[in-house]
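Readers should treat all values here as calculations from the given coordinates under stated rules, not as data from a laboratory. Only a predicted model underlies this, so the values are computations on that prediction, with no experimental measurement involved. So basically every Cβ, Gly included, is an ideal-geometry build from the backbone, and we count neighbours across all protein chains shown.
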Amino acid sequence: MQEGRVLSTREINRDLLRSILESPRWFWPVVTVLGLILLVAAIAIGIMVNRGLGVTGLNRPVAWGFFITNFVFWIGISHAGVMLSAILRLAKAEWRRPATRAAEVLTLFSLMTAMIMPIVHTGRPWRILYWVFPYDFARGIWPNIRTPLVWDPSAILTYLTSSTLFVVIALVPDFAVLRDHTTGIAHRVYSVLAMGWEGNARQWKLQIVAGVLLSALILPVFVSVHSIVSWDFGMAAAVKSWHSTVFAPYFVVGAVHSGVSAVAFALILLRWCYGWQDYIRHEHIDALGRLLIVVATGWFYFLVMEILFGMYGREADELMVRQTQFTYWPYNFWFILFVITTYFIPVALWLSRAWRRNLWIMSLACISVNIGMWLERFLIIVPGLINKQMFTFVWADYRPSIFEYIIIGSTFALVTLLMLLFSRVFPLVPLYDVKEGDVLRTQIQIGRRTVPATFRED
Amino acid sequence: MARRPILGVFDSANSAADAGDGLRRAGIPEGDVDFLTDTPYPEGAFGEREEPHRLYIFPFLGALLGLTSGILLTSMTQVAYPIVTGGKPILSIPPMAVVCYEGTMLGAILFTVLGIVFESRLPKLKAGLYDNRITDGYIGVLVNTEETQHSEVEAAFGQAGAVDIKRE
């Protein structure tokens, strides 16, 4: 796992700071297009707020639709950052080095995007204030402080704060590099951000300990976040098919599956956009592909168990939801597409080493996973809510409106835009980490073979 | 006599380590010498002193404070909004568990970050003697010692092959 050549510090600085010190020609046109997409979405949200949620396909009983599906999807994507960065840091996996920062930053922006979705979903976003600030019973509002929905913001805000600090602490040495390579206002800003970092032995030691310690602390939070998202469903008394006991691990593994796929795709895009062939190498994408086979298979196990155990009890509500998923149009089509795109297509592609190293095929596989994982959340939420059970007068279907399509589509533009803007001011590949990898890298001769030897960092 | 910093700039780890050896031979105390690099080197690569720290205390303190805050926040809001739902008690433990857990972890992480900043002696408000080439791969050997010893320091730097020597 040590392909590529050893680069000099100057080369590393030049290559990895290029996205900050120079604007590629495509940069501003792409930012403009993404900005326009967001503008259209802002208009759609404005109309929705003005006219009410009636402009969406939401109805009674399908009160959760595209917005909540998208919320769960982006929370899932956000799991990649910590999964990759923290686990690989703790395991001292050498190949993590170029991938960690992009993964962590993807976590931040997808979490922020996820947090927007429930606010949009309320239809009256300013009413969030009623929850944030104490609201007394005398005004006829009866907030239930003990609702499981309170757990979500507490977990997500903890995760967002932790992930942000995780990124910022690791950025401090890179701020110092930027401080030393800029002039004028940029120099002053990076000087403040670098906090007087000079890179002495004590600071480096604490930086390394911090990486390990924060990884160990943030991993339990990462597990808690998506399991708590699963309890948004599990604790909802009204929908019986959401009470499966495997929901928490099923959601967590699913999140890792979609998140790591998203990171792999983001790395391929970064390599292509900024010409980082020497840093994001085929070996990294190959390693992610192998990791994904394991994650995907673990996830598939939970999917099958969730369906089997759900049906094994032979409860009418559960059977009705399964019947909707498997036999009712268009849910049966979405279900088949979901299973194929989430597991069978990507895993088949990842089994071949040559295909794992083909960036086009890897991109296709990673996009396929995320199409499938979005559908998975949709197929959990909507068939559970359309309520084809008990009394026919509460039966309903869900047809998302154009407003929902626009708003959902714009979240992808938002995350892309935020990643691009981040890459314009901060390095998306950690400079000191890559340099450390090169300092520690050497080769040894064993018999007739020359193999990489790496001193593992303390 | 005043203590003043002097910085030797080296273009390789080996020559910086040689400078460290030279400084020890010249009787410069280890505590007065700092090696400035742009990437972490294995501990002891320059023969430098071990750096003790108390970072591990911070997460425990933070976790304790976070747990306490979580318990107070959840119990006090439940008492402040006394709605009876499903005949269950007003002050109920299960709804508190998740928030208390998140509070504990948040406290631990916040204090760890504070600990990192504090133990790294950051922020450093007054810029010390430094050379921008350090972030280009050069290694700085910073000695903060009596001015009377500067000639010995310079000699050690010179013998080790310093590419530049800077004074404040």
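With a cut-off of 8 Å between alpha carbons and a minimum separation of six or more residues, what is the relative contact order of region B:57-119 in percent?
Values: 70 pairs, mean separation 36.9, N = 63.
With pairs under 8 Å counted, the relative contact order is 59 percent.
Expressed as a fraction of 2.2 N^0.38 Å, the rule-of-thumb size for a compact globular protein of N residues, what is the C-alpha radius of gyration of region B:57-119?
Details: Rg = 14.6 Å, N = 63, 2.2 N^0.38 = 10.6 Å.
Compactness ratio reported: 1.38.
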What base-10 log of the normalised intensity I(q)/I(0) is obtained for chain A from the Debye formula, alpha carbons as equal point scatterers, at q = 0.07, 0.08, 0.09 Å⁻¹?
-0.39, -0.51, -0.64
Give me the distance in nm between label points sitting 7 Å out from Cα along the Cα-to-Cβ direction at B:Glu30 and B:Thr148, one decimal.
2.5
FRET efficiency for A:Ala354 and A:Ala316, Cβ-Cβ distance as r, R0 = 56 Å, nearest 0.05?
0.65
What is the distance in Å between the Cα centroid of region A:353-370 and that of region A:61-102?
18
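Could you give the dipole magnitude of region A:128-197 about its Cα centre, charging the beta-carbon of Lys and Arg +1 and that of Asp and Glu -1, in debye to the nearest 20? Walk me through the intermediate numbers first.
Values: 4 positive and 4 negative charges, 27 e Å.
The calculation lands at about 120 debye.
Restricting to DSSP H runs of at least four residues, report the calculated mean residue ellipticity at 222 nm for chain A, -39500 (n - 2.57) per run over all residues, nearest 500 deg cm²/dmol.
Values: 18 runs with 307 residues, N = 458.
Mean residue ellipticity, 222 nm, calculated: -22500 deg cm²/dmol.
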Just tell me which aspartates and glutamates come within less than 14 Å, Cα to Cα, of A:Lys435; anything on the same chain fewer than 8 places away is out.
A:Glu11, A:Asp15, A:Glu94, A:Asp174, A:Asp278, A:Glu457, B:Asp38, B:Asp136
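Within a 10 angstrom radius of each residue's Cβ in B:136-146, how many Cβ atoms of other chains show up on average? Whole number is fine.
2
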Overall form of region A:318-413 per C-alpha gyration tensor (a/c, 1.5; a/b vs b/c):
oblate
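Computed FRET efficiency, Cβ-Cβ of A:Asp397 and A:Ala91, R0 45 Å: what is it to the nearest 0.05? Spell out each step's value before the answer.
On the way: r = 47 Å, r/R0 = 1.05.
Here the calculated transfer efficiency is 0.45.
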Can you give me the distance in nm between label points at A:Lys240 and B:Leu64, each placed 7 Å from the Cα along the Cα-to-Cβ direction?
5.0
Farthest towards the positive end of the dipole of the protein assembly as shown, among A:Ser258, B:Pro42, A:Ser241 and with Cβ unit charges of +1 on Lys and Arg and -1 on Asp and Glu, lies the Cα of A:Ser241
Just name one of A:Leu90, A:Gly35, A:Ser78: the one whose Cα is farthest towards the positive end of the charge dipole of region A:28-112 (beta-carbon charges, Lys/Arg +1, Asp/Glu -1).
A:Leu90
On average, how many beta carbons from a partner chain sit within 10 Å of the beta carbon of a residue in A:208-217?
5
Suppose every Lys and Arg Cβ carries +1 and every Asp and Glu Cβ carries -1, with no other charges. What dipole size does the protein assembly as shown come out with about its Cα centre, to the nearest 20 debye?
1620
Would you list, by chain and number, the lysines whose Cα falls below 21 Å from the Cα of B:Lys124, excluding same-chain residues fewer than 8 positions away?
A:Lys205, B:Lys166
What angle do you read, to the nearest 10 degrees and between 0 and 90, between the alpha-carbon axis of helix A:359-385 and the longest principal axis of chain A?
30
Restricting things to Cα coordinates, could you compute the convex hull volume per residue of region A:22-107 in Å³?
129
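Over region A:1-116, what is the mean sequence separation of C-alpha contacts under 8 Å (at least six apart), divided by residue count, expressed as relative contact order in percent?
Numbers: 60 pairs, mean separation 28.4, N = 116.
Relative contact order here is 25 percent.
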Separation in nanometres of the label points that stand 7 Å from Cα toward Cβ, at A:Ser8 and A:Asn332
6.7
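Please tell me the relative contact order of chain B in percent, rounded to the nearest whole number, where contacts are Cα pairs under 8 Å and at least six residues apart. Each step should come with its number before you reach the end.
Values: 243 pairs, mean separation 86.6, N = 168.
Value for chain B: 52 percent.
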At the level of C-alpha centres, the distance separating region B:67-144 and region B:1-64, in angstrom, is 29
Whichever lysines have a C-alpha closer than 25 Å to that of A:Lys240, once near sequence neighbours (fewer than 8 apart) are set aside:
A:Lys388, B:Lys88
For chain A, the longest principal axis of the Cα atoms and the Cα long axis of helix A:316-327 enclose an angle in degrees, to the nearest 10, of 60
I'd like the distance between the alpha-carbon centres of region A:267-318 and region A:228-247, rounded to an integer number of Å.
23
